[in-house]
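K.L.:
Attaching a single structure in structure tokens format; questions to follow.
The values are calculated or read from the model by the stated rules, or taken from the named source; none is laboratory data. Keep in mind the model is a prediction, meaning the values are calculated, not measured. Cβ placement follows ideal geometry from the backbone for every residue including glycine, while neighbour counts extend to all protein chains displayed. These accessible areas exclude ligands, DNA and RNA; they are computed on the full protein's heavy atoms, side chains included. Shrake-Rupley method; radii C 1.70, N 1.55, O 1.52, S 1.80 Å.
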Amino acid sequence: MVSASVPRLVIAAPSSGSGKTTVATGLMAAFAARGLAVSPHKVGPDYIDPGYHALATGRVGRNLDAYLCGPELVGPLFLHGARGCDIAVVEGVMGLYDGAAGEGELASTAHVAKLLGAPVVLVVDASSQSRSVAALVHGFASWDPEVRVGGVILNKVASDRHEELLREALEQAGVPVLGVLRRVAQVATPSRHLGLVPVAERRAAAVEAVAAMGAQVSEGCDLDALARLARSASALSGAAWDAAEAVSAPPPPLPFPSSRGSAPSTPPEGSAPRTPGRPERPRPQTPDRLVVAVAGGEAFTFSYAETTELLTAAGAEVVTFDPLRDQELPEKTAGLVIGGGFPEVYAAELSANVPLRKAVAELAGSGAPVAAECAGLLYLCRELDGLPMCGVLDASARMTERLTLGYRDAVAVGDSVLAVAGTRMRGHEFHRTVVEPGSGAEPAWGVRTPRPRVEGYVQRGVHASYLHTHWASEPGVARRFVERCRTS
């Protein structure tokens, strides 16, 4: 049980691009430099920012997503991540009140702040305004009386005179200024087609950038006032999430309650027929080592910490390998998890590692469980941008100019190594690639939004899909996957 009184702040902004990541990461680093144990969190499904948070704090960066996991899990997952910490910093997503499309406040930074009972610090890009900043801050602070905006940090302030004008205006808004940051070039972090470049691809430069963020926040912000604000957070009730308890809990009946997802109870028209759930095969004696290999390295950086925690709690020994460099799968690999990342950036290197591509194909061909999301789907294809990949799936993948982005309601079309037919989960798509064909003879998911369709591949022990899912929302996924590793 974690103390529900852990001090916490939510770092939000009026819009994307205001400087949330710089301020949140810098604040984490600044508090850590004071000797505090800092718990880092990110609102929403983003995988990249938590990598920078981990550098700043020395702890695993964790996501709080009220859409993927449901509002009921936000508090428990927060408390799980905050075990043993002195303070928690939560970086928001998009604008303060921007949530899942068409779902009101669901999964917005404001929604998560209310679920956590946490005060909000508003980061404002002041580069093109002076007195108008007061109207902007007043509007955000008064829009929802349940959201407590406890202070503002002014970013990209041009000069002492500019700062003076901003402070004078904000005195009328009644929201204290807790920090003023000037534009500093060395804090900038490079971006590309899906956002910031992950830490794994630029570790030395990322370490320097995070140190610069921490120094800038330490110099420009009132850390004592921010810590006092964090201590004013409301008490949280309930227990921390626990992976072992989650995987041991009995599976819920199908269909799930509507609060856990609103995907259709039947797949969209034209999908493969749903099959009834098959009975579990008898569990044999557990081997000495039940290894689940998880792809990592620069090409596969997208994963949630809870995934490996659930696999471990279900009885697996999780071993990370690098498809760019390792020519063999880990010894005694019984199952394979390939998450998201940037295989399109490293397509030539992945293709050149012929021994590992053959090993992955052989493992999949044996019927062993393989779970692949987004980048993993591309890696399993016959080719990516004309370069040979693993050839597990009879499909080709290529880069496009079109960004596919958004939350998805999904239902398992048939039985697979992850779920029985009818299992509902919520996912997220984020890619600039296309796979042709988009689904196999046995699709992975029936997706309702933004249009009804089937998606992905179920092929023997393989489950491959564009959807990123958070397994804490349905721990039975990990339990079933490890069970299939034992029995395949």
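K.L.:
Could you tell me how many of the residues in region 325-345 are open to solvent by 10 Å² or more (accessible area, probe 1.4 Å) and either over 17 Å from CYS374 (Cα atoms) or assigned to a strand (DSSP E or B) (or both)?
P.N.:
The qualifying residues number 11.
K.L.:
To continue, here is another question. Going residue by residue through region 301-315, is there one that turns out to be assigned to a loop (DSSP other than H, G, I, E, B), at pLDDT below 95 and aromatic (Phe, Trp, Tyr)?
P.N.:
no
Yes or no, residue by residue, for (1) at pLDDT 95 or above; (2) open to solvent by 30 Å² or more (accessible area, probe 1.4 Å); (3) in contact with an Asp or Glu (Cβ under 7 Å, 6 or more places away or on another chain):
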residue: ALA110; (1), (2), (3): yes, no, yes
residue: VAL157; (1), (2), (3): yes, no, yes
residue: HIS162; (1), (2), (3): yes, no, no
residue: LEU166; (1), (2), (3): yes, no, no
residue: LEU194; (1), (2), (3): no, no, no
residue: ALA205; (1), (2), (3): no, yes, no
residue: GLU219; (1), (2), (3): yes, yes, no
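K.L.:
Separate question: Cβ-Cβ under 7 Å, sequence separation 6+ or interchain: first residue in region 299-316 and at positive phi and free of Cβ contacts under 8 Å to residues at least 40 places away in the same chain, partner open to solvent by 20 Å² or more (accessible area, probe 1.4 Å) and of a type in the set (Gly, Ala, Ser). Which pairs?
P.N.:
none
K.L.:
Further question: Does GLU373 satisfy the criteria of being open to solvent by 20 Å² or more (accessible area, probe 1.4 Å), under 23 Å from LEU311 (Cβ atoms) and not aliphatic (A, V, I, L, M)?
P.N.:
Yes.
K.L.:
Next up: State which residue pairs qualify: first residue on the phi < 0 side of the Ramachandran plot and inside region 357-372, second residue in a helix (DSSP H, G or I) and of a type in the set (Gly, Ala, Ser) in any location, beta carbons under 8 Å apart, and separation of 6 or more residues or different chains.
P.N.:
Within 8 Å, the pairs are ARG357/SER351; VAL370/ALA364.
K.L.:
Does region 421-440 include one or more residues that are under 27 Å from GLY70 (Cα atoms), of a type in the set (S, T, N, Q) and not in a loop (DSSP other than H, G, I, E, B)?
P.N.:
For region 421-440, residues under 27 Å from GLY70 (Cα atoms), of a type in the set (S, T, N, Q) and not in a loop (DSSP other than H, G, I, E, B): absent.
K.L.:
May I ask you to list the residues in region 112-134 that are surrounded by 24 or more Cβ atoms within 10 Å (Cβ to Cβ), more than 22 Å from the chain's Cα centre (by Cα) and part of a loop (DSSP other than H, G, I, E, B)?
P.N.:
Listed by number, the list holds a single entry, ALA126.
K.L.:
Which residues, counting only those in region 84-100, are part of a loop (DSSP other than H, G, I, E, B) and among the small types (Gly, Ala, Ser)?
P.N.:
Hits for region 84-100 are GLY84, GLY92, GLY95, GLY99, ALA100.
K.L.:
Also, I was wondering about something else. Any chance region 46-57 includes a residue that's open to solvent by 30 Å² or more (accessible area, probe 1.4 Å), assigned to a loop (DSSP other than H, G, I, E, B) and either under 20 Å from LEU236 (Cβ atoms) or at pLDDT 95 or above (or both)?
P.N.:
Scanning region 46-57, I find no residue that is open to solvent by 30 Å² or more (accessible area, probe 1.4 Å), assigned to a loop (DSSP other than H, G, I, E, B) and either under 20 Å from LEU236 (Cβ atoms) or at pLDDT 95 or above (or both), so the answer is no.
K.L.:
Out of everything in region 449-480 that is more than 27 Å from GLY365 (Cα to Cα) and among the polar types (S, T, N, Q), what residue ends up being least open to solvent (accessible area, probe 1.4 Å)?
P.N.:
Per the criteria, the residue is SER473.
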